[in-house]
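What follows is a short report on a single structure.
Nothing in this text is a laboratory measurement; each read-out follows from the coordinates by a stated rule. Note that the coordinates shown come from a computational prediction; the quantities given were computed from them, not determined experimentally. Don't worry about glycine lacking a Cβ; one is built from the backbone with ideal geometry, like all the others, and counts go over all protein chains shown.
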Amino acid sequence: MNMEARIRGIGMTSHRTRLRLVDRLRRGGISDESVLQAMVDVPRHCFVDEAMATRAYEDCSLPIGEGQTISQPYVVALMTELVVNSSMHGQPVERVLEIGTGSGYQAAVLSKLVDHVYTLERIRSLSHRAGSLFRQLELRNIKSRYVDGVDGWAEEGPFDAVIVTAAMESVPPALLAQVRHGGVLVGPVGPQRGSQQLAVMRCRDDKPPQIQNVEDVKFVPFLSGRC
């Protein structure tokens, strides 16, 4: 199957199936229509193994190898909504840093809504696979790198938002330092085995961030070091 046909999908990966997922997301509380449209436009089934493609539009996480998962669509949509609606004083959200590329799905959704997405992944095989998929899908506004994400990407900062896709017991200071004044860091905070909260941290120059806990979540742990 060529890439165009794969993106288009058929049966359980078809456009109609994606629309049914979006209806569920809307009923679940996702209200930003631009985010919902991005969830339609990005072919989630391309970001999972072909053997699991028929489950791609279920609202659940799925394994992607290396002990990692692709997040459930609701969580991806919610985190995206928190990022794109985080603007203060009319400043658009244009530059977003993602820590934890994983399958590449979250970055792909963001790429439909912001000008520039920068994404870091510490697992070589996942980073290379996602980078190849970005090229195949012609997502030219995504810049990816295989690197330990704990230090962020300072030379490309500051960012309007940083999104972290793994549970942090504490937020790395380097990541907060790369968020512009008034920008946000969005990600899960909590222990690997215990309660985790999806948090929005609004960063302010020379002041502690304002923290809003959004809801309970369950993510793989935030780890350092490349592998």
Practice problem: Take every DSSP beta bridge with both residues inside the chain and express the antiparallel ones as a percent of the total, to the nearest 5. | Solution: 45 percent
Self-check item: Net charge of Cβ neighbours under 10 Å - reference Val114; Lys, Arg +1; Asp, Glu -1
Solution: -1
Exercise. Take every DSSP beta bridge whose two residues both sit in region 125-227, then give the antiparallel share in percent to the nearest 5.
Key: 70 percent
Quiz item: Given only helices, namely DSSP H runs of n ≥ 4 each adding -39500 (n - 2.57), what is the per-residue ellipticity at 222 nm of the chain, to the nearest 500 deg cm²/dmol?
Solution: -8000 deg cm²/dmol
Practice problem: Mind telling me which of Thr101, Thr69, Thr165 comes out most flexible in a GNM of the chain, alpha-carbon contacts under 10 Å? | Solution: Thr69
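May I ask you to list the trypsin sites (Lys or Arg not before Pro) in region 129-158 that are in a DSSP loop and have at most 14 other Cβ atoms within 10 Å of their Cβ?
Those satisfying the criteria are Arg140.
Quick one: length gained pulling Asp216 to Arg193 fully straight, 0.36 nm per residue minus the C-alpha distance?
7.0 nm
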Practice problem: Report ³J(HN,Hα) in whole Hz for each residue of region 189-197, in order, from the Karplus equation J = 6.51 cos²θ - 1.76 cosθ + 1.60 where θ = phi - 60°; Gly and Pro get x. | Solution: 10, x, x, 4, 10, x, 6, 10, 10
Practice problem: Given the options Glu98, Glu155, Glu138, state which has the largest fluctuation in a GNM of the chain using a 10 Å cut-off (strictly under) for Cα springs. | Solution: Glu155
